[in-house]
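The values are calculated or read from the model by the stated rules, or taken from the named source; none is laboratory data. All values derive from a computational prediction rather than experimental measurement. A quick note on method: Cβ atoms are made from the backbone with ideal geometry, for glycine too, and the neighbour counts reach across all protein chains shown. When the accessible area is computed, the model is the full protein with side chains, heavy atoms only, and any ligands, DNA or RNA have been set aside. Shrake-Rupley method; radii C 1.70, N 1.55, O 1.52, S 1.80 Å.
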Amino acid sequence: MTMVLSIISAKGGVGKTTTTANIAAALAKRQCVVTAVDGNVTTPNLSIHLGCALYPVTLHDVLAGRAKIEEAIYRHPAGFHVVPASLSVDDLYAVEPSRLSDAVRALTSRPGLILVDGAAGLGREARAAMDCADSLLIVTNPDMPAVTDALKAVKLAQRLGKPIVGIVINRAGAHKHEMSAKEISDMLEVPVFATIPEDKSVPASIAAHMPVVVMKPRSRSARAFNKLAATMCGEAEPEAGIFSSLLGILGR
Ligand code: ADP
Ligand code: MG
């Protein structure tokens, strides 16, 4: 049994890629089978976070019809599989983002969870990450501009009939005037699934091309990502709401 979970936000820079990489690594530590796909076709950076930017066959080769998706799957040292995108400018506009859905759905013959790191905005690329998903996880920062954009993502998801697992509030505690979890869930009308604190270990881990849950497992952000993964596995309660849709497919 397979499930496609896309990580989206509308606003850029809130932590979608960080969340994708760390959920993948934290679930892999729990012996779950996970494949992380860089669904960000024009500005990909999952491969930068994970140190697989120069791998020979990429998602772009698949989208361009030059390769099969199986040829673009690599095993990351952190224990999960990754489908990197190309960083070449020549590749960026040579592909049609709407093909992402077919490429990702082709992976559903594999077991486990498929995580798609979505693009920012609500244009065709971001929409492609929603279209291919069974469920969505929405990442926001606790500030009004990010939450306002997250609200647009929630509305679009509802129009598309895509279930939202919950909200991940990332970079909590960074600023004095930030919104509370209750204010965010009231505004979005979606439960807060997890809160990840602001933590300088995150940029350090990105510089080292290794998810923080592997590089600094005792850091505050790593503990929060591990708790998020435990929640997905049914080993911990979500901060709010009911979460059972991943149980069963994450069976180890
Ligand atoms: P997105 O994919 O939404 O554009 P990223 O995951 O690339 O966002 O994160 C953007 C930047 O924010 C990263 O360079 C990272 O250093 C920083 N960042 C993300 N999460 C945290 C965190 N919890 N604490 C500190 N910095 C963070
Ligand atoms: Mg990103």
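Summary of computed values
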{"item": "Residues of the range 33-46 classified as under 9 Å from the mean Cα position of the chain (by Cα) and of a type in the set (Val, Ile, Thr), total", "result": "1"}
{"item": "Unmet requirement for residue 30, which otherwise passes all of (1) of a type in the set (Lys, Arg); (2) away from ligand 1 (no atom under 16 Å from the Cβ); (3) within 13 Å of the chain's Cα centre (by Cα)", "result": "(3)"}
{"item": "Residue match in the range 95-103 (condition: within 16 Å of ligand 1 (Cβ to nearest atom) and either modelled with pLDDT of 95 or more or surrounded by fewer than 23 Cβ atoms within 10 Å (Cβ to Cβ) (or both))", "result": "no"}
{"item": "Qualifying residue in the range 51-59 (condition: more than 15 Å from ligand 2 (Cβ to nearest atom), touching a strand residue (DSSP E or B) at 6+ places or on another chain (Cβ under 8 Å) and within 25 Å of residue 149 (Cα to Cα))", "result": "no"}
{"item": "Count of the range 16-35 residues which are open to solvent by 10 Å² or more (accessible area, probe 1.4 Å) and within 9 Å of ligand 2 (Cβ to nearest atom)", "result": "3"}
{"item": "Residue match in the range 4-13 (condition: surrounded by fewer than 24 Cβ atoms within 10 Å (Cβ to Cβ), under 19 Å from the mean Cα position of the chain (by Cα) and more than 16 Å from ligand 2 (Cβ to nearest atom))", "result": "yes"}
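Results for (1) in contact with a helix residue (DSSP H, G or I) (Cβ under 7 Å, 6 or more places away or on another chain); (2) within 13 Å of ligand 1 (Cβ to nearest atom), shown as yes or no for each residue.
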site: 119; (1), (2): yes, yes
site: 122; (1), (2): yes, no
site: 154; (1), (2): yes, no
site: 171; (1), (2): no, yes
site: 200; (1), (2): no, yes
site: 212; (1), (2): yes, yes
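Residue by residue, here is whether (1) touching a residue at least 40 places away in the same chain (Cβ under 8 Å); (2) within 16 Å of ligand 1 (Cβ to nearest atom); (3) open to solvent by less than 10 Å² (accessible area, probe 1.4 Å) holds:
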position: 37; (1), (2), (3): yes, yes, yes
position: 43; (1), (2), (3): yes, yes, no
position: 51; (1), (2), (3): yes, yes, no
position: 74; (1), (2), (3): no, no, no
